[in-house]
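Encoded as structure tokens, the structure appears first; notes follow it.
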Amino acid sequence: MSTAPHNVQAYRASLLHFHADPAFTSDAAHWHEDGLLLVEDGKVKAAGDYAALAASLDPALAIHDYRGKVIMPGFIDTHLHFPQTDMIASPAPGLLPWLETYTFPTERQFSDPEHAREVAEFFLDQLLRCGTTTAMVYCTVHRESVDAFFEASQARNLRMAAGKILMDRHCPDFLCDTAEGGVRDSEALIRKWHNKGRNMYAITPRFAPTSTEAQLRLTGELAAAYPDTFIQTHVSENPDECAWVKTLYPKARSYLDVYDSFGLMRPRAVYGHCIWLDKEDFARMAESGAAAAICPTSNLFLGSGLFDFEQADAARVSLSLATDVGAGTSFSMLQTMNEAYKVARLKGSYLPAVRMFYLATLGAARSMQLEGTIGSFVPGAEADFIVLDPQSTPLLARRTEKCTNLEELLFALALLGDDRAIAATYACGRQVHQRQGS
Ligand code: GUN
Ligand code: ZN
């Protein structure tokens, strides 16, 4: 009698993952209508057609039967703010008043470790119920907020990048660092958390207006000293903000050039928004290996502007999608795709659903230099995956029943789906969310 090795799990469903960007490569998707995902010790062992793989299975191995559903890599959200969870959907006429009225007072509360812990737990629950297994997360200026976040993500064994905001001017006193103090705290947090378990540190200057030149200089030096850390910040989000940066940094060629001049453009640097960049900026993004995090729900909510996919693609900038909660209006990457699609239309571009699912998985992994680790089902990748349910609502069931190809199915999921479409979420092969009733 054979016994199944207990560290192997098998999942039968339709399988979707990518090996290339559908914008530039035909047949960029791997699609197995009747597929099998094999996971061993939390890593992908194989992904392919059920018929091809089933014969090699130990007959004693029980197969998780998700037929009728789609298994794909967990979503990767490359820009959002965990301390802004409780202020999502706060009304304000634009970015700068929104920051003053809601954001800074909300972030003040994160000097309290217990508050930070409680919000971090809710935030991670919310990501997992939306199918997001990796995120690039802004904490607040308080070290306690970073400790709380990484402790919570480590307890769930999630692959997360996060960092302490650096901010030493144009903010309330209660959130104001010094240039040296902020960088010293960041270095201590890097040593404490970077590459500890699945945690990764992101050096996080909030944006150019809230940092002095001295702070950006020291931040660039820190980023050079720790080249495998991430860098995250905001750039060219909103016209008023761009005008302000011009007055603060008159010698810079552009807003992006402010960061560039301090050594903050390199691989693993992820720039949020990138709406008002010019051709030279996009070229510099591509050349430096920095990546853009596109935040459509936030950009529409604050009236910031419309991302230019055509220019970004012409320059071959590395792209990903992001919610930017709490300016973003949903934690769901499906709802983020819904709005990204409409932003592209308003700019005269067309964003196929296969491209959007690529951007939310392998595209983001590439932006973070984590291809092979997350974002696809290549053998050896960490088994972070989700089970999408095309029948999760009566409307989705009715619509997807009539879909005749993969693009139509993914498009319906993106336009009509939300957290209800995520039947289950797995991190390193362990179930970390199961939708009620599934
Ligand atoms: N620019 C500087 N800080 C923020 C923030 O918290 N949210 C957004 N959307 N933009 C910013
Ligand atoms: Zn943001």
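Touching a Gly at 6+ places or on another chain (Cβ under 6 Å), of a type in the set (G, A, S) and surrounded by 20 or more Cβ atoms within 10 Å (Cβ to Cβ): is that true of A365 in this structure? Quick ask: steps written out before the conclusion?
Numbers: touching a Gly at 6+ places or on another chain (Cβ under 6 Å): yes; of a type in the set (G, A, S): yes; surrounded by 20 or more Cβ atoms within 10 Å (Cβ to Cβ): yes.
Yes, satisfied.
Can you spot a residue in region 60-71 that is surrounded by 16 or more Cβ atoms within 10 Å (Cβ to Cβ) and either closer than 27 Å to F230 by Cα or of a type in the set (F, W, Y) (or both)? Scanning region 60-71, I find at least one residue that is surrounded by 16 or more Cβ atoms within 10 Å (Cβ to Cβ) and either closer than 27 Å to F230 by Cα or of a type in the set (F, W, Y) (or both), so the answer is yes.
So that you can scan it fast, the table gives a plain yes or no per residue for (1) at pLDDT 95 or above; (2) in contact with a strand residue (DSSP E or B) (Cβ under 8 Å, 6 or more places away or on another chain):
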| position | (1), (2) |
| --- | --- |
| M1 | no, no |
| N7 | no, yes |
| Y11 | yes, yes |
| H17 | yes, yes |
| A20 | yes, no |
| D34 | yes, yes |
| A47 | yes, yes |
| Y50 | yes, yes |
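The criterion of at least 2 residues that are free of Cβ contacts under 8 Å to residues at least 40 places away in the same chain is met by the following helices (runs of 4 or more DSSP H) wholly inside region 319-396: 333-346. Against the conditions (1) without any contact (Cβ under 8 Å) to a residue 40 or more places away in the chain; (2) buried (at least 19 other Cβ atoms within 10 Å of the Cβ), V39 satisfies every one except (1).
Every residue, every condition in (1) polar (S, T, N, Q); (2) under 19 Å from E241 (Cβ atoms); (3) within 16 Å of ligand 2 (Cβ to nearest atom), yes or no:
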| residue | (1), (2), (3) |
| --- | --- |
| A286 | no, no, no |
| L300 | no, yes, yes |
| A314 | no, no, no |
| L319 | no, no, no |
| Q335 | yes, no, no |
| L346 | no, no, no |
| A353 | no, no, no |
| M356 | no, no, no |
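Considering only residues of region 303-358 that are among the β-branched types (V, I, T) and within 24 Å of Y102 (Cβ to Cβ), which is surrounded by the fewest Cβ atoms within 10 Å (Cβ to Cβ)? Can you show your working first?
Our first condition is that a residue be among the β-branched types (V, I, T); within region 303-358, this holds for 317, 323, 325, 329, 336, 343, 354.
Adding the requirement that they be within 24 Å of Y102 (Cβ to Cβ) leaves 323, 325, 329, 336, 343.
Working: T323: 31, V325: 29, T329: 20, T336: 31, V343: 22.
Among them, the one singled out is T329.
Where strands (runs of 3 or more DSSP E) sit wholly within region 61-151, those with at least 2 residues that are within 13 Å of ligand 1 (Cβ to nearest atom) occupy 75-81, 132-138. Of the residues S318, S332, S367, S349, the single one that is in contact with a Lys or Arg (Cβ under 8 Å, 6 or more places away or on another chain) and of a type outside the set (D, E, K, R) is S318.
The values are calculated or read from the model by the stated rules, or taken from the named source; none is laboratory data. Given the structure is predicted, the values throughout are model-derived calculations rather than measurements. We place every Cβ from the backbone using ideal geometry, glycine too, and count neighbours over all the protein chains shown.
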